[in-house]
Structure formats: C-alpha cells, structure tokens
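Okay, structure first, notes after.
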Amino acid sequence: MAHLCLFSLLVLSMVLKTQALTPTHHLTTTDVARLQAVLSQPFTDLKSAYYSVVGLSKLGILVADADETCQFIKSNLDPSSVESLFYAAEASQALSGCEIPVSNDTRDLLLATVSEDSTASQIHQSVSALSSLGLPLASQEVVSALKARISKEDNVLTIILALQTASRLSQQAELGDILEEIEDLAARLDDLSGVYLQFEEGLEATALFVSAAYALSDHVDMEPPLKEDQVIQLVNSIFSKKSWDSLSEAFSVASAAESLSNNRFHVPVIVSAQGPAAISHSQPFLRLQVTDVLCQPLSSASVLVESASTSTSKSAILSQAPFTLREEVFELNFMASQPASGYYQFSVAIAGDSRFVANHVELKVKVSTRVAINNMDLSVVDKDQSIGPKTTRVEYPTKAKASFMADSHQNFAMTFQLVDETTGVELTPHQTFVRLHNQKTGQEVVFVAEPDSKNLYKFELDTTERKTEFDSISGTYALYLMMGDATLENPILWNVADVVLKFLDEETPSTIQAKTLYTPKPEIQHLFREPEKKPPTVVSNAFTALVLSPFLLLLILWFKLGANISNFTLSPCTILFHIGHAAMLGLMYVYWTHLNMFQTMKYLAIIGSLTFLAGNRMLAQKAVKRTK
Amino acid sequence: MSNSVISVISRFLEEYASSTPNKLKVIDAYLLYIMMTGALQFLYCLLVGTFPFNSFLSGFISCVGSFILAVCLRIQINPQNKGEFLSISPERAFADFQFAHTVLHLVVINFIG
C-alpha cells in the first residue's frame with residue numbers, strides 16, 4: 001500500500017514538474033576568444049580606447065602595454081569635454097598605475113553637468129568620471145536630476161544610463177525609486193517565442209540593461225526582480241550573436257557576460273558534453289563541462305545524475321550518482337552500471353551555490369556496443385522436401401568454401417543470430433540486408449533479413465518467386481551480409497558465400513538495358529494544327545459565279561419593269577450624296593482588306609456625316625418636288 | 001384540289017401585276033434577288049461544307065438583314081399604308097433604309113474575316 005502511494009506520488013511529481021528553461025545559446029571558448037580579439041584591436045581615438053581597455057578588463061584580461069595606453073589616453077584627453085573626461089577616467093581606472101591629472105576647472109565642469117538640464121548620458125558620464133577620479137559628488141542631487149530626467153525622457157536607454165549612474169553613488173542615497181525602474185524596464189522586454197527576451201532597441205540595449213541592473217542590485221544588495229526563466233531568455237538573446245558589428249556592441253556583450261558570471265544573485269550555468277555524448281566499452285566515461293557564461297569552469301559545483309532511464313521505458317538505471325571532477329571536467333563511468341545499448345535520457349542537477357540558475361539539465365546519451373554474428377547457417381532446401389537440407393556453418397569473417405546452387409526446385413536459406421559481443425544479449429539492429437551481386441553483369445539485388453520472435457534472423461530465396469528482381473539472369477552471385485545501426489560501433493559488410501542461381505525461361509542475354517534514366521529521350525516533334533480541308537478551287541469559283549448570278553436577274557427584271565434614272569437631278573447635293581455613298585461602300589471594301597474597326601469608324605464618321613447632310617438636302621428637295 | 005391552288009395562284013399574279021404600283025414592283029424585284037442570293041449561299045454550305053463558317057454566317061446574315069430592311073422600306077412606302085405611317089414620309093423611310101444598311105454592312109464586313 002505504501003509502495004503504491006509512493007509510486008503514484010512519484011508519477012504525479014514527474015508529471016507536474018514543469019520543464020525549466022536551459023540556455024540554447026551560449027558563448028563557447030572560441031567565441032570568447034573572438035570577443036577578446038575584437039576588443040584588442042588597435043584603437044584610433046579615446047572612445048575606442050575606452051571600449052577596448054574597459055571591455056578587456058571585464059573579460060579579466062589586462063592590456064599588454066599599459067604605459068603606452070596610458071600615454072595615449074593622456075595625450076588624447078580634452079579637459080573641456082565631459083565625454084572625453086569620462087572615457088579617460090574609466091579607461092585609466094582599468095589600467096593599473098595610470099593617473100589622470102585633474103584641475104579645479106575640470107572638477108567644476110563635471111559638477112556643473114550634474115543638473116536636470118543635462119541629458120542622461122551627460123549625467124552618467126560626469127558622475128562616472130567624478131567617481132573614477134576620486135572626486136566628491138553630491139549623491140542626492142544626482143538622484144533628483146536622474147529622476148527628473150527619467151520623467152522627461154521615458155526611453156529605454158535613458159533608464160539604463162540612470163541605473164548605471166545610480167550604481168556609482170553612495171549607498172546612503174535614496175536609490176529606491178531608481179531601483180523600481182528595473183522592474184518597469186524588465187516588463188518592456190519583448191518575449192520572442194519563449195526563447196528570447198530582448199528590447200526592440202536591439203542587442204546592445206539588452207546587454208547594457210543586464211549589466212546595469214546587476215550592477216545596481218549588487219550595489220544596494222537587493223535581488224533584481226528577474227525570474228530564472230527571464231534570466232535564461234536574456235542569456236539566449238545576448239549570446240546568440242557570435243560576431244559583433246561594432247566595438248560598442250562587443251563592449252556591451254562583454255560587460256553583460258561579466259555581470260552574469262560575477263553578480264551576487266543569479267549565475268547562469270552552461271552544461272555541455274565534451275565531444276559527442278556517446279559511451280562505449282572503449283570510452284566508458286561521460287564527460288561534461290560545467291561553466292558560467294564566460295566559459296570559465298565552475299569548480300565549486302557538484303554535479304549529480306538525478307536519474308538515467310532508457311527513452312522507451314521509464315525505469316531508472318541510475319539514480320543520484322555523482323560526477324567526479326578531473327581537470328575541470330566532470331566525468332562519470334556509466335558503463336560500470338552495464339547498460340544495454342541504446343539511447344538514455346539523463347537528468348543532471350548542478351548544486352553548490354544558491355546563485356546557480358538553469359541548474360537542471362536534460363541530456364540524451366547514446367550507449368553503443370559491438371556486435372557479433374553467431375550460428376550463421378547456409379542451406380539449400382528442396383521445395384518438395386524430398387531431400388534433407390544441407391547446412392553449412394560459416395564463421396565470420398571467412399567465406400564459405402563451396403558455392404551453393406539453387407534453381408527452380410530448391411530454395412536457398414540463411415539463418416543467423418546477432419548478439420552483443422560483451423554481454424551476449426541478442427540485438428536487432430536497424431539495418432540488416434542481404435545483397436546479391438552478379439559479378440559479370442554488375443547487377444545487384446538487396447533483400448531484408450527479418451528476425452522472428454526468438455530474435456533469430458532468417459532469409460530465404462525462392463528463385464521462381466524472385467525472378468523478376470533478378471531479371472531472370474542466371475549466374476554466380478556473391479552474397480553479402482550488410483549490417484548497421486546508430487548504436488553499433490562495428491558495422492558489417494561480409495561476403496558470406498557465392499550462390500549460383502538458375503532461372504527458367506531465361507531470355508537470351510539481352511544487352512543489359514542499363515536503366516536509361518539519364519540518357520536523352522527521343523525528340524518530340526510539335527504537330528501544328530492541320531488546316532481544314534478546303535474544297536477544290538473549281539467548286540469555289542463555280543459557286544461564286546452562281547451566287548453573283550441573281551444580280552443579273554435583278555438588272556433584267558428592273559429593265560423589264562421600266563426602272564430608270566430619268567428623275568436624276570444634277571444638283572450638287574445629289575452628286576455629293578451619291579459620291580459619299582459610293583465612298584462608304586469603298587470604305588467597306590478597304591475595311592475588309594486593310595483597316596480595323598477603329599480606323600473604319602473614324603473614316604465612316606467623316607464620310608457618313610457628309611453623306612447624311614447631302615442626302616438630307618436631296619431628299620428634302622425630292623419631297624418638295626413630290627408635294628408640289 | 002390542285003386546280004384550286006393553281007387558280008388561286010394565277011389570280012394572285014394577275015392582281016399583283018395590275019394593282020401594284022411600279023415602285024413597289026422594283027422593290028419586289030430587289031427582294032427576289034436578295035432571297036436568291038441567300039438561298040444559293042445556303043445551298044453551297046449544305047453541299048460543300050461550312051469551312052469558313054464566319055464567312056458563311058456573315059454572308060447569310062447580310063442577305064437576311066437586307067431582306068428585312070427592304071421589306072420595311074416597302075411597307076413604309078406603300079401608299080395603302082399611309083394611314084399607319086403618318087409621320088414618316090417616303091424620303092424619311094429611304095433615309096432610314098440607308099442608315100440601317102450602313103450599320104448592317106459595317107457588322108457584316110467586320111465578321112466576314
């Protein structure tokens with residue numbers, strides 16, 4: 001009863017445990033080296049000198065020629081510019097033994113810049129310069145100036161600069177309001193598909209926010225209001241870019257990395273397997289690298305396997321097994337638990353510091369093994385079972401001495417067993433193929449060997465059944481056994497024997513039609529639409545004459561009726577009408593031969609209107625004459 | 001039976017020859033011409049085939065259209081129908097006939113291809 005309760009509780013807890021986020025992007029040692037190289041570029045002006053020197057100091061690297069750099073800073077310093085003083089002061093602070101001479105005017109200039117009218121970046125630069133140069137400043141004034149600035153300009157960069165400035169002030173000042181800005185600013189971050197968290201202003205703003213927030217939180221010793229998942233999402237955003245466009249971007253990434261590895265509250269842990277996470281008898285140790293975001297190993301951590309189980313079953317092979325630390329790498333001898341080959345799901349926990357974030361990791365580990373072939377029996381079985389099968393046993397990797405004959409009366413059969421070399425457990429690899437290769441024609445046919453319920457592999461070749469695959473070509477075929485699997489260390493290609501196959505109804509060895517897939521195909525000739533059959537010209541001409549003949553009839557009839565043009569008046573409108581009418585008929589002919597509708601309409605409009613006017617006049621005259 | 005038909009026809013022809021004014025006879029001759037032309041075109045189509053179908057159609061429609069317009073002209077010119085066409089003088093009828101023919105010919109030539 002108690003067992004049942006415990007079991008159900010365990011199942012429930014496993015179901016309810018929400019998967020915590022782990023970083024998907026982090027800097028590798030090559031990335032850190034690249035960042036260092038970017039920051040070590042020779043500097044051209046005071047600003048780039050500041051980024052390089054301070055950036056490298058955040059990575060924990062000292063500048064090579066400190067004196068030369070100090071000289072460069074001193075010579076490029078412009079004492080009348082707050083920005084220049086800021087760069088010089090910060091850079092000289094990072095170098096050891098570099099002192100910037102300060103005059104009263106400089107101090108007054110810096111103190112005067114601390115007011116509501118200066119921009120946030122000016123306030124930040126003057127406060128930082130005053131603090132680095134060891135000059136006194138009035139913290140409360142700074143706080144009120146910052147608060148006024150934030151209320152005027154509510155953008156992200158202003159607030160980040162305010163946070164940075166506040167971290168340089170004395171701890172007695174009232175930094176509570178500015179501290180609350182961290183939470184407001186965190187709410188402004190964009191969550192991209194649950195993996196990334198960044199400002200729309202970009203990578204630099206996000207990285208500067210992280211370093212400013214942790215600097216201020218450390219300064220006032222209060223945990224920043226960022227949840228673990230949010231920290232991991234910020235890590236993903238900041239470290240997803242592995243090459244940086246500008247020196248300022250590289251500097252912001254370096255300071256974010258430094259603050260995430262060194263602050264008092266949250267330290268994200270990066271766990272990665274050294275090499276592929278694969279174990280075998282020759283390589284029984286699972287090696288893990290546990291580092292912070294700057295790829296520095298966390299030697300104080302203790303790494304523990306909470307559970308290791310196969311992907312299919314949920315039974316745990318290992319539980320609560322510790323890793324041992326050897327030369328900054330954590331290792332565990334997994335083969336000592338004698339796991340069967342396959343894939344395992346590891347749940348690893350990293351303890352040792354309450355600041356660790358993302359310290360539960362899921363890993364997929366592969367255990368591979370070597371395979372051995374046992375009891376390979378080849379036999380030729382008669383179909384009608386009259387003669388008993390002749391079985392030959394072949395040992396790997398030798399080849400059977402005699403070749404086997406199979407024709408229409410006999411079947412060729414093969415049985416074998418696949419076992420793990422060390423443990424003797426039966427294996428079923430993913431790929432077990434039997435390949436028959438005709439040496440003369442180069443033809444090859446591949447079959448799959450299937451295991452039965454007792455994991456015994458069987459392969460049978462019936463020549464009559466399979467003759468289509470072979471194209472009924474008889475001859476000597478070399479038989480190969482091919483075997484492979486992701487968890488096998490020794491894939492096998494073994495020429496087991498030669499098999500002579502005889503097929504009935506063999507076609508005369510036709511020239512091997514190598515599957516002509518890639519040769520040019522016969523050209524297709526396009527057939528244009530045949531024009532319709534026209535009747536012979538004689539017929540057409542005859543009918544044309546026939547159709548025109550009624551016109552003669554008409555003329556004859558009109559003559560007989562006495563139709564005449566004796567009433568034809570020779571007035572201008574009459575003549576114009578008749579000419580216009582004739583022109584319209586001519587236009588019809590020209591339309592048929594040359595023009596299109598638009599042109600015809602144009603000409604018709606001109607001629608038609610003339611004809612109309614003339615005709616109108618003519619008919620009016622006629623009407624008058626009629627009624628007279 | 002056939003006797004009565006023949007007698008009806010001969011009577012009709014007599015009446016026609018005597019009582020119809022000359023103008024109308026001229027138009028009737030024209031109508032006969034148009035009809036024969038159309039009939040001959042149709043005969044060609046039946047015998048030889050409809051190869052340039054659009055040409056056949058346009059020719060046939062031309063005949064049919066002309067026939068109709070000529071019939072309209074005849075009706076409107078006929079002095080016996082004067083009562084029905086008070087506002088339309090014969091000249092006006094002729095002008096309408098001309099205009100309609102222009103449109104008909106435009107369409108026919110467009111379609112003849």
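The condition of being closer than 22 Å to residue A:495 by Cα, free of Cβ contacts under 8 Å to residues at least 60 places away in the same chain, among the polar types (S, T, N, Q) and open to solvent by 20 Å² or more (accessible area, probe 1.4 Å) holds for only one of A:391, A:310, that being A:391. For segment A:445-471, filtered to residues that are open to solvent by less than 10 Å² (accessible area, probe 1.4 Å) and among the hydroxyl-bearing types (Ser, Thr, Tyr), the residue that is modelled with the lowest pLDDT is A:463. Contact map, segment A:359-375: residues that are at positive phi paired with residues that are crowded, with 20+ Cβ neighbours inside 10 Å and not hydroxyl-bearing (Ser, Thr, Tyr), Cβ distance under 9 Å, separation 6+ or inter-chain. Pairs shown: A:375/A:416.
So which residues in segment A:548-565 are under 23 Å from residue B:17 (Cβ atoms) and open to solvent by 90 Å² or more (accessible area, probe 1.4 Å), if there are any at all? Passing the criteria: A:552, A:556, A:559, A:560, A:564. Listed by position, the helices (runs of 4 or more DSSP H) enclosed by segment B:4-113 that each have at least 1 residues that are basic (Lys, Arg) and away from every other protein chain (no Cβ under 11 Å) are B:53-77. The lone criterion from (1) modelled with pLDDT of 80 or more; (2) open to solvent by less than 60 Å² (accessible area, probe 1.4 Å); (3) within 14 Å of chain B (Cβ to nearest Cβ) left unmet by residue A:499 is number (3). Would you confirm, using the coordinates I've provided, whether residue A:568 is among the aromatic types (Phe, Trp, Tyr), open to solvent by 60 Å² or more (accessible area, probe 1.4 Å) and away from every other protein chain (no Cβ under 12 Å)? So residue A:568 fits the description; yes. Anything in segment A:409-436 that is touching a Gly at 6+ places or on another chain (Cβ under 9 Å) and open to solvent by less than 40 Å² (accessible area, probe 1.4 Å)? List them, or say none. Within segment A:409-436, A:429, A:432 qualify. Can you spot a residue in segment A:282-292 that is surrounded by fewer than 14 Cβ atoms within 10 Å (Cβ to Cβ) and closer than 29 Å to residue A:486 by Cα? The answer is yes; a qualifying residue exists. The residue list A:545, A:623, A:614, A:582 contains one member that is in contact with a Cys (Cβ under 7 Å, 6 or more places away or on another chain) and either over 30 Å from residue B:41 (Cβ atoms) or not in a loop (DSSP other than H, G, I, E, B) (or both), which is A:614.
Exactly one residue among A:108, A:65, A:45 is out of contact with any strand residue (DSSP E or B) (no Cβ under 8 Å at 6 or more places or on another chain), over 22 Å from residue A:253 (Cβ atoms), at pLDDT 85 or above and among the acidic types (Asp, Glu), and that residue is A:108.
Might you check whether a residue that is under 22 Å from residue A:534 (Cβ atoms) and without any contact (Cβ under 8 Å) to a residue 24 or more places away in the chain occurs anywhere in segment B:22-41? Yes, segment B:22-41 has at least one match.
Residues checked against (1) aliphatic (A, V, I, L, M); (2) over 60 Å from the mean Cα position of the chain (by Cα):
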residue	(1), (2)
A:540	no, yes
A:545	yes, yes
A:556	yes, yes
A:559	no, yes
A:566	no, yes
A:574	no, yes
A:583	yes, yes
A:598	no, no
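Screening segment A:344-388 for residues that are part of a strand (DSSP E or B) and among the small types (Gly, Ala, Ser) and picking the one that is most open to solvent (accessible area, probe 1.4 Å) gives A:351. What do you reckon, is residue A:603 farther than 17 Å from residue B:100 by Cα and either under 60 Å from the mean Cα position of the chain (by Cα) or more than 10 Å from chain B (Cβ to nearest Cβ) (or both)? So residue A:603 passes the test.
Yes/no per residue for (1) touching a Pro at 6+ places or on another chain (Cβ under 7 Å); (2) assigned to a helix (DSSP H, G or I); (3) crowded, with 20+ Cβ neighbours inside 10 Å:
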{"residue": "A:43", "(1), (2), (3)": "no, no, yes"}
{"residue": "A:47", "(1), (2), (3)": "no, yes, no"}
{"residue": "A:52", "(1), (2), (3)": "no, yes, yes"}
{"residue": "A:71", "(1), (2), (3)": "no, yes, no"}
{"residue": "A:75", "(1), (2), (3)": "no, yes, no"}
{"residue": "A:99", "(1), (2), (3)": "no, no, no"}
{"residue": "A:102", "(1), (2), (3)": "no, no, no"}
{"residue": "A:117", "(1), (2), (3)": "no, no, no"}
{"residue": "A:124", "(1), (2), (3)": "no, yes, yes"}
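Residue by residue, here is whether (1) hydroxyl-bearing (Ser, Thr, Tyr); (2) out of contact with any Pro (no Cβ under 6 Å at 6 or more places or on another chain); (3) open to solvent by 60 Å² or more (accessible area, probe 1.4 Å) holds:
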| position | (1), (2), (3) |
| --- | --- |
| A:134 | no, yes, yes |
| A:158 | yes, yes, no |
| A:166 | no, yes, no |
| A:191 | no, yes, yes |
| A:195 | no, yes, no |
| A:201 | no, yes, yes |
| A:205 | no, yes, no |
| A:213 | no, no, no |
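The values are calculated or read from the model by the stated rules, or taken from the named source; none is laboratory data. No experiment lies behind these values; they were computed from the predicted model shown. Virtual Cβ from ideal backbone geometry, glycine too; neighbours counted across all protein chains shown. Side chains are part of the model used for accessible areas, which takes the heavy atoms of the whole protein and leaves out ligands, DNA and RNA. Shrake-Rupley method; radii C 1.70, N 1.55, O 1.52, S 1.80 Å.
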